[in-house]
Every structure is written in C-alpha cells, then in structure tokens.
Amino acid sequence: MLTQLLLLPIMGPLNGVVWIAEQIQERTNTEFDAQENLHKQLLSLQLSFDIGEISEEDFEIQEEEILLKIQALEEEARLELEAEQEEAPLELEAEQEEAPLELEAEQEELENQPQLTPKIDTYKHLVKL
C-alpha cells in the first residue's frame, strides 16, 4: 500500500496510458471484426448463389445491403481518422499560442525582480598614506 502511494506519481500516468491503449485496441478489434464478419457474410452469400441456394434477385438485394454496411464502416473509420488528424494541428496551435504567453510571463517575472546595481568604490581615487 505504501509503495503504491509512493509510486503513484509515476504509475498513475503510466496506468492511464495503458488503459487508453487497451481501449484503442479493443475498439480497433471490434471495428475489424465487424468488417471481417461482413466480408465473410458476403463470401457466404456468393457461395450460396453459386450453388443455387438463393435466386439472383435475393443475391443482389442481400449483396447490396452488405456492401452498404461495409461502405458505412469504412466511411465511419475515415471520418474518425480525419477528426483525429484535425485535432492534432489544433492542439499544436494551442501549444504554440501558449508558448509566447509563457515567455511573456517569464519576461515580466524577470523584469519585476529587484535589479542589482554594481557598487562603485568612490574611495578608489584616495591614496593611503
């Protein structure tokens, strides 16, 4: 318990990153599985049509439905990727906007510090006797 408390500043962010990675992996697997299942359904439909289990009309209707679902999944994935790519430059812009403000704050802090003036020895010109 004590070691967990002591390691919290290090392990907390690490555990957060691991959790995020797991969530991304799970979502990717789900999306991949959904698309893979649709491709399997399409292949199964094609085989059913080839061996004569379904008519050409049924095949075309079901094929169109499956292809639309595949297209919708691909479109969704593309939109998510575009959204992520749009967020990255916005975050970079925000960081770039904050950098000058931080620099100005540091400069103001330096300006507000007491200035050290050099002491001039006014008695330098006097000669000791």
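The values are calculated or read from the model by the stated rules, or taken from the named source; none is laboratory data. This one's a predicted model, so the numbers in the text were calculated from it and none came from an experiment. Cβ placement follows ideal geometry from the backbone for every residue including glycine, while neighbour counts extend to all protein chains displayed. Accessible surface is based on the protein model in full, side chains and every heavy atom, while ligands, DNA and RNA are left aside. Shrake-Rupley method; radii C 1.70, N 1.55, O 1.52, S 1.80 Å.
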query = Would a scan of region 16-37 turn up a residue that is assigned to a helix (DSSP H, G or I), at pLDDT 85 or above and of a type in the set (Phe, Trp, Tyr)?
reply = no
query = Before we move on, is Leu73 modelled with pLDDT of 75 or more, of a type in the set (A, V, I, L, M, F, W, C), surrounded by 10 or more Cβ atoms within 10 Å (Cβ to Cβ) and on the phi < 0 side of the Ramachandran plot?
reply = yes
query = Quick one: what pairs do we get from region 56-72, first residue within 15 Å of Leu38 (Cβ to Cβ), second open to solvent by less than 90 Å² (accessible area, probe 1.4 Å) and among the β-branched types (Val, Ile, Thr), C-beta under 9 Å, 6+ apart or different chains?
reply = Gln62/Ile54
message = Given (1) open to solvent by 100 Å² or more (accessible area, probe 1.4 Å); (2) of a type in the set (S, T, N, Q); (3) in contact with a helix residue (DSSP H, G or I) (Cβ under 7 Å, 6 or more places away or on another chain), identify the lone condition not met by Gln62.
response = (1)
